[in-house]
Amino acid sequence: MTQRATAVAHPNIALVKYWGKRDATMNLPATGSLSMTLDVFPTTTTVTVDAALDADTLELDGEERTGTPLDRVARFLDLVRAMAGSTAHARVVTTNAVPTGAGLASSASGFAALAVAAAAAYHLDLSPRELSRLARRGSGSASRSIVPGVAVWHAGDDDETSFAEGTPAPDMAMVIATVEEREKPVSSRVAMVRTAETSPFFPAWVTSTAETLERMVDACAAGDLDLVGRIAETNALRMHALIQSCDPPIRYLTAASLGVLDRVEALRAQGVLAYATIDAGPNVVVLCAPDDAERIAADLADVASTLVARPGPGARLVETIA
Ligand code: PMV
């Protein structure tokens, strides 16, 4: 029996954002979303099932972790154990090449890698759809990192129908413009709840995002990168307007973020196809055609540290040891 498994997963950047839950226990989203899994910033996670352990343990980036990070991992492993009919605890060792908590979706790559490694270590044979549903329980956006390239996460009606799968899209690149590597002040988990509870704009976000997702899927299928970018930037700025409308307000955008947004607008004025999106943090991601990516990265180099990303692989098992 396999006792140890290692998986690698990459973060994804949403072009139609997931913001708000319909069901917090099952992690069912208020709306569907669409993203590109990246080929940079992998998370590598090894799960070793060990019947001699009396509790789960977590090592994150070389440091033994307790408290909230360990609790989240242990609760996730409880789901896997329930599916596998096991009571054995596990040691989880994970390394992130992405700055943790800076709004670059480390929870997406983290729970996608954990889902794949834990399923294998506990001897579950899950389909990609089942792995996406499982990863979703750890962190909503992780459902999309199971999938290579562009993924649509269907909001679904229940656990079974809320999963991510691939969707046809034009070739694209993203320039990740990092302006800050600090942990974000309010986690997306906390901020989503506050948004749903206190923003008067939340119902409009839910109805408009469902419509936005339909237009985005069509624009992707048509290969219309300019329209994809325009829809993505509008959707991201709507999400930040929504977040800023909480009580008490939350603001992830900083002066440095706005500086990058100004540059993106200037690039467009010069005729370059470039559109911005921003997750729950200050860092900006610029969507562009692959051939323009290096030039855009060079243009932004004095206002952010930049890295070009391309569509990357879905979460996958790299090693199992019986
Ligand atoms: O999956 P979570 O809880 O890390 O939330 C992700 C939220 C955003 O990154 C802001 C949007 C998204 O769709 O990835």
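According to the square roots a ≥ b ≥ c of the eigenvalues of the Cα gyration tensor, what is the shape class of the stretch 173-309, taking rounded for a/c under 1.5, prolate for a/b larger than b/c otherwise, and oblate for the remainder? Walk me through the numbers before you get to the answer.
Working: a/c = 2.36, a/b = 1.29, b/c = 1.83.
Note, shape of the stretch 173-309 comes out oblate.
Taking each residue as 0.36 nm, the span from Asp61 to Thr198 lengthens on full extension beyond its C-alpha to C-alpha distance by 45.8 nm.
Annotation for Glu214 and Val40: the two label points, set 7 Å from Cα along the Cα-Cβ direction, are 3.6 nm apart. Here the calculated FRET efficiency for Thr207 and Ala88, from their Cβ-Cβ distance with R0 = 51 Å, stands at 0.65, rounded to the nearest 0.05. For the chain, the longest principal axis of the alpha carbon atoms and the long axis of helix 225-244 meet at an angle near 70°. Scanning residues 5 or more positions from Val318 or on other chains, those with amide H under 5 Å from its amide H are Thr6, Ala7, Val8, with H placed 1.01 Å from N in the peptide plane.
On the stretch 1-116, 53 percent of the accessible area sits on carbon and sulfur atoms, based on a 1.4 Å probe.
Across the alpha-carbon set of the chain, the Rg to Rh ratio works out to 0.97, Rh being the Kirkwood radius. Between Asp125 and Asp224, the modelled label-to-label distance comes to 4.5 nm, taking each label 7 Å out from Cα in the direction of the beta carbon. Taking θ as phi - 60° and the Karplus parameters 6.51, -1.76 and 1.60, the scalar couplings of the stretch 73-83 work out to 5, 5, 5, 5, 5, 4, 5, 5, 4, 4, 5 Hz in sequence order, x denoting glycine and proline. Expressed as a whole percent, the accessible surface of the stretch 259-304 that belongs to carbon and sulfur atoms is 45, based on a 1.4 Å probe. The modelled label-to-label distance for the pair Asp247/Ala269, using points 7 Å beyond Cα in the direction of Cβ, is 3.8 nm. Heavy atoms of the protein chains alone define the surface here; on that basis the stretch 173-309 has 45 Å² accessible area per residue at 1.4 Å probe size. Taking all protein chains as shown and a probe of 1.4 angstrom, Glu160 keeps an accessible surface of around 120 Å². The stretch 30-82 and the stretch 294-322 have Cα centres separated by 21 Å. Per residue, the solvent-accessible area of the stretch 2-169 (1.4 Å probe, heavy atoms of protein chains only, all protein chains present) comes to 35 Å². Measuring with a 1.4 angstrom probe and ignoring ligands and nucleic acids, Leu60 comes out at about 30 Å² accessible. Rounded, prolate or oblate: which fits the stretch 188-258, taking a ≥ b ≥ c as square roots of the Cα gyration tensor eigenvalues, rounded meaning a/c under 1.5, else prolate when a/b beats b/c? It is oblate, given that a/c is not under 1.5 and a/b is not larger than b/c. Shown here for the stretch 141-245: trypsin sites (Lys or Arg not before Pro) in loop regions (DSSP other than H, G, I, E, B) with at most 12 other Cβ atoms within 10 Å, namely Arg182. Which of rounded, prolate or oblate describes the stretch 57-209 when judged by the alpha-carbon gyration tensor and an a/c cut-off of 1.5? Verdict is rounded for the stretch 57-209. Rounded to the nearest Hz, the phi-derived 3J(HN,Hα) couplings of the stretch 290-303 under the Karplus curve 6.51 cos²θ - 1.76 cosθ + 1.60 (θ = phi - 60°) are x, 5, 8, 4, 5, 5, 5, 4, 5, 5, 8, 4, 8, 10, where x marks glycine and proline.
The values are calculated or read from the model by the stated rules, or taken from the named source; none is laboratory data. Just so it is clear, the structure is predicted and the values come from calculations on it, not from any experiment. A quick note on method: Cβ atoms are made from the backbone with ideal geometry, for glycine too, and the neighbour counts reach across all protein chains shown. All accessible areas refer to the heavy atoms of the entire protein, side chains included, with ligands and DNA or RNA removed. Shrake-Rupley method; radii C 1.70, N 1.55, O 1.52, S 1.80 Å.
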